[in-house]
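Engineer: Encoded as structure tokens, here's the structure I'll be asking about.
The values are calculated or read from the model by the stated rules, or taken from the named source; none is laboratory data. Since we're looking at a predicted model, the values are computed, not measured. What goes into the accessible areas is simple: the full protein's heavy atoms, side chains included, and nothing from ligands, DNA or RNA. Shrake-Rupley method; radii C 1.70, N 1.55, O 1.52, S 1.80 Å.
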Amino acid sequence: MIGLESLYLPKIYDELRFRLSTRIAFTLESKMSERMNTFKFIKLMYVARSKIVHGENFPLGDDEIKTVEDILRKSLKLWIKNPDIFNKDIFDYRIFQK
């Protein structure tokens, strides 16, 4: 999750869960149903990350961990090919385009 935050939230300090979930969903998915599923999943994983970081227990299944790893892997491949797409203006354009 920290790797995803580094890619998708450069110099962002507010609305982290919402922004991270939205940016990942709109960057990696093209269909609205897939975007919604990814958005909801990342929001849940951000809650898990926050609880774990602050010393609380949040049990995660192997499938959830694998999905986060897959999302990070896919994101890193995109970043390696074109790091310029990971900036605020492009994220906003991708989300708010008509």
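Engineer: Quick one: accessible area per residue over the chain, 1.4 Å probe, rounded to a whole number of Å²? Don't skip to the answer; put the middle values down first.
Structural biologist: Numbers: 6650 Å² over 98 residues.
So the chain comes to 68 Å² accessible per residue, rounded to a whole number.
Engineer: May I ask you to give the average projected area over all directions of the convex hull of the Cα atoms of the chain, in nm² rounded to one decimal? Spell out each step's value before the answer.
Structural biologist: Numbers: hull surface 25.9 nm².
Result: a mean projected hull area of 6.5 nm².
Engineer: Over the chain, what relative contact order in percent results from Cα pairs under 8 Å that are six or more residues apart?
Structural biologist: Numbers: 64 pairs, mean separation 33.9, N = 98.
So the answer I get is 35 percent.
Engineer: Collect residues whose amide H, placed 1.01 Å from N in the peptide plane, falls under 5 Å from the amide H of Ile12; neighbours closer than 5 in sequence don't count.
Structural biologist: Amide H neighbours of Ile12, under 5 Å, 5+ apart: none.
Engineer: Compute the long axis of helix 16-28 from its Cα atoms, compare it with the longest principal axis of the Cα atoms of the chain, and write down the angle in degrees, 0 to 90, nearest 10.
Structural biologist: Computed tilt is about 60 degrees.
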